[in-house]
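Inspection log for the structure reproduced underneath, given as structure tokens.
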Amino acid sequence: MTGSSRRRRDQRQRQRHRAAEVARRDAVVKAVVERLPAELHADIHGRLPFLRRLAFASVCTATGHMLRPEAPWLLLPGAATKEKKKDSDEEEPMPEKSTVLSMAEGRSEASLRTSGLALADRVIIGSTDGWLVTADERGAVRMANPATFAQAPLPAITTIPFLSSTGGGSWFVLDVEPFVRVRFGAAPPPVDDKDWGASLPRTYTLTAVQMRQKFYRKVVLSSTPSPRSYAAMLIPDCYIGAPAFTTTENGKGWRRMAPSVAGVEDAIHHDGRFVSVSYADDVEAWRLDAATGEYASQTVAPRLAFGDGKHPRRKYLAPSPEGRLMAVLKHAEVEQNEQVYRRSKVTRVMFEVRVLNAAAGQWKAVADIGDATLFVGVNGTVCVQATEYPGVEAGCVYFTDDEVGEACQRRAQGVTTVRYGYDEADETELQATGVYSLKAGKVTERIAEKSDKQPRWPPAAWFTPSFL
């Protein structure tokens, strides 16, 4: 037996011993927890550091005892790295790790091994009840739970009618004419349509790498994929606009894209249905039509109006702790900084919150959301009561970089640094993860900022740990 073979054998043996020891300890802990009175679980849970609290919560959930949900954590996926093997020029992948930060505990930071989930270099385009939806450089999407290491498949994107792959999966092709007729109805798009125009191309082609840059925007789940049945809503980029749906009852495919003339910008699952806001500011609910087997929408709230002419850069929907529908509007404004020898521009981020008064049939702008705190990002939105989580600031919007398409483009082009020349706006606040105070009207904190202030890859995302 050669030296390298012996080392591999010894390494596998050590791994088996470690796994057996971990399993033995887990069994002991589970046996102890089962004997404890249920009222002690919450007390023990609250005294533990957040990663140990996560492990304890997993045991409690396995024994049938549910604990208070965690506040959203910030997940910073790691980049894929390799190192040279000993006595060889060959490279082997390093164990994959991601960083998690607990917002409720003074930005406590810990490392989480995610090799089994393969989150490295994947863009998170969805986060629902602890389950993440990721997109890789091959255009594939899938679901994973970082707390339990469970995984679940999503249908292949090529099951969407009018979308196919070619070149061994290197290219994705959309048949434009039949797709446009679904999105806009029987009539073609308006002559002045900024995306397609009056003369339609035959096909629209993207490379596999470009799918997460120019096709995917967000995936929303109706519930956790395990063990219950669920539905998923795929929101493509604005150029495509029309959403696609799948359900566990539907088998292994996506349904035909649903009509959406204005295109869906954001959506959540609220009150048992998908609710969306369009690029034209329409608020609609989507339901499955049992007769046709397809999803259709209807208006459920007044259109968001912007009388001052300042249309937001991004719009998000979120449910308030009381169950009311909220619209979170992200604005970006360029500030001029004039100095003697140079002129610079800085892009500032601002947020506005509106709450739907269903009885009055109108949206109300609110400068104070009380004890509520919002977490927004392209992957999902969450609203919590800050009083339940001491480290979370009330009346604030916690935000992440939602310029995912630009981040993917920089990655594809091999751009590792972003520099701004004369008369160009520094957009680091757009690409930051931070806290915006609605009362102060400004960003009061930047979270997990890199020392060189360059955008992170992959972009950060919020997720709420769950064991379901």
Can you pull the one-decimal nm distance between simple spin-label points at residue 239 and residue 175, each 7 Å off the Cα toward Cβ? 2.1
Once Lys and Arg get +1 and Asp and Glu get -1 on their Cβ, which of 174, 114, 149 lies farthest toward the positive end of the dipole of segment 104-174? 174
Quick one: if you stick a label point 7 Å off each Cα along the C-beta vector at residue 331 and residue 385, how many nm between them? 3.1
Placed amide H near residue 466: partners under 5 Å, 5+ positions off or other chain: 147
Fully extended, how many nm does the chain gain between residue 348 and residue 47 (0.36 nm per residue separation, minus their Cα-Cα distance)? 104.5 nm
Run the dipole for segment 310-392 about the Cα centre, Lys and Arg Cβ at +1, Asp and Glu Cβ at -1, nothing else charged, and hand back the magnitude in debye, nearest 20. 540
Quick one: what are the phi-derived ³J(HN,Hα) couplings along segment 388-401, Karplus 6.51/-1.76/1.60 with θ = phi - 60°, whole Hz, x for glycine and proline? 7, 9, x, x, 8, 7, 6, x, 10, 10, 8, 10, 10, 5
Net charge of neighbours whose Cβ lies under 10 Å from the Cβ of residue 275, counting Lys and Arg as +1 and Asp and Glu as -1: -2
Kirkwood hydrodynamic radius, segment 240-375, all distinct C-alpha pairs: what's the number in Å? 17.2
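Could you compute the net charge surrounding residue 107? Neighbours are other residues with a C-beta less than 14 Å from the C-beta of residue 107; K and R count +1, D and E count -1. Spell out each step's value before the answer.
Working: positive: 446; negative: 105, 109, 393, 445, 449.
Taking every other residue near residue 107 into account, the sum is -4.
Assuming 0.36 nm per residue, please report the length gained on full extension of the stretch residue 25 to residue 107 beyond their Cα-Cα distance. Don't jump to the answer; show the numbers that get you there.
Working: separation 82, 0.36 × 82 = 29.52 nm, distance 2.90 nm.
Using 0.36 nm per residue and subtracting the Cα-Cα distance, I get 26.6 nm.
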If you add up the charges near residue 362, with Lys and Arg at +1 and Asp and Glu at -1, over every other residue whose beta carbon is less than 12 angstrom from its beta carbon, what do you get? +3
Please list, in chain and number order, the residues 5+ apart from residue 231 or on another chain whose amide H is under 5 Å from its amide H, with Hs placed from the backbone. 222, 223
Greater than 19 Å separation of Cα atoms is the criterion. Which listed pairs, 218/439; 364/439; 214/345, meet it? 218/439; 214/345
Which whole-Hz couplings ³J(HN,Hα) result when phi for each residue of segment 284-295 is put into the Karplus expression 6.51 cos²θ - 1.76 cosθ + 1.60, θ = phi - 60°, listed in order with x for Gly and Pro? 10, 10, 10, 9, 7, 7, 4, 6, 9, x, 10, 8
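Using 1/(1 + (r/R0)^6) with R0 = 56 angstrom and r between the beta carbons of residue 437 and residue 158, what's the FRET efficiency to the nearest 0.05? If you can, show how the numbers build up before the last one.
Details: r = 45 Å, r/R0 = 0.80.
Efficiency computed from Cβ-Cβ geometry: 0.80.
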Quantify, in whole percent, the carbon and sulfur part of the accessible surface of segment 252-318 (1.4 Å probe; protein heavy atoms only). 47
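The values are calculated or read from the model by the stated rules, or taken from the named source; none is laboratory data. Values in this document were obtained by computation on a predicted structure and should not be read as measured data. Note that each Cβ is placed from the backbone with ideal geometry, even for glycine, and that neighbours are counted across all protein chains shown. Accessible surface is based on the protein model in full, side chains and every heavy atom, while ligands, DNA and RNA are left aside. Shrake-Rupley method; radii C 1.70, N 1.55, O 1.52, S 1.80 Å.
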